[in-house]
1. For the pair GLU48 and ALA36, how long in nm is the line joining their label points, each one 7 Å along Cα→Cβ?
2. Could you rank the peptides 29-42, 7-20 by their average count of other C-beta atoms within 10 Å per residue, with the highest value first?
Amino acid sequence: MFEDLTATCRGCERSLADPHLVYRDEGGERRAYECACGTVTVTVAECETTP
């Protein structure tokens, strides 16, 4: 599911493909991307929890 997400630079609107940092925990996944323009973009995807 996370693989289907795409990231776009918040500074210049370029498509971002390879995150520099990925952090996963029980709440979801965070990815940090550094664009060639110098902007750092962070994405957050929350995991669905079922009772």
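1. It works out to 3.8 nm between the two label points.
2. Numbers: 29-42: 14.9, 7-20: 13.2.
Result, highest mean first: 29-42, 7-20.
Every number here is computed from the coordinates shown, using simple stated rules; none is lab data. Computed from a prediction, not measured in an experiment: that's the story for all the values here. Please note: Cβ atoms are built from the backbone with ideal geometry, for glycine as well, and neighbour counts cover all protein chains shown.
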